[in-house]
1. Using the Cα centre of the chain as the reference point, and only Cβ charges (+1 on K/R, -1 on D/E), how large is the resulting charge dipole? Debye, rounded to the nearest 20.
2. Per DSSP helix of 4 or more residues, -39500 (n - 2.57); summed, then divided by the residues of the chain. What does that give at 222 nm, rounded to the nearest 500?
3. What residue among LEU39, THR22, PHE59 has its Cα farthest toward the positive end of the dipole of the chain, where the charges are +1 on Lys, Arg and -1 on Asp, Glu, each on the Cβ?
4. Please determine, in degrees from 0 to 90 and to the nearest 10, the orientation of helix 2-50 with respect to the longest principal axis defined by the Cα atoms of the chain, where the helix direction is its Cα long axis.
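Rule-based calculations on the coordinates, nothing more; no lab input. In this text, all values refer to a predicted model and were calculated from it rather than measured experimentally. Note that each Cβ is placed from the backbone with ideal geometry, even for glycine, and that neighbours are counted across all protein chains shown.
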Amino acid sequence: MHEDTERRLTNLEIKASDAEDTLERLNDVIVRQQVQIDLLLREVALMRAQTPADETPAFRSLRDELPPHY
């Protein structure tokens with residue numbers, strides 16, 4: 001009975017350690033993605049600031065851009 005309990009405890013410790021490692025890696029990914037999102041938001045804000053307020057981007061139809069062989 002003692003060996004079974006020790007084995008189960010060891011397995012639980014391994015699983016807890018793996019879960020902690022996974023959680024740390026996921027947190028790193030989230031932090032990295034948030035940095036990317038912040039950068040993209042700044043870039044969009046800069047692009048909007050460069051476009052005059054009274055000038056709306058012209059609508060372009062993809063049909064206008066089809067190659068001549070279509």
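1. The calculation lands at about 380 debye.
2. Computed ellipticity for the chain at 222 nm equals -26000 deg cm²/dmol.
3. Positive-end residue among those listed: PHE59.
4. Computed tilt is about 10 degrees.
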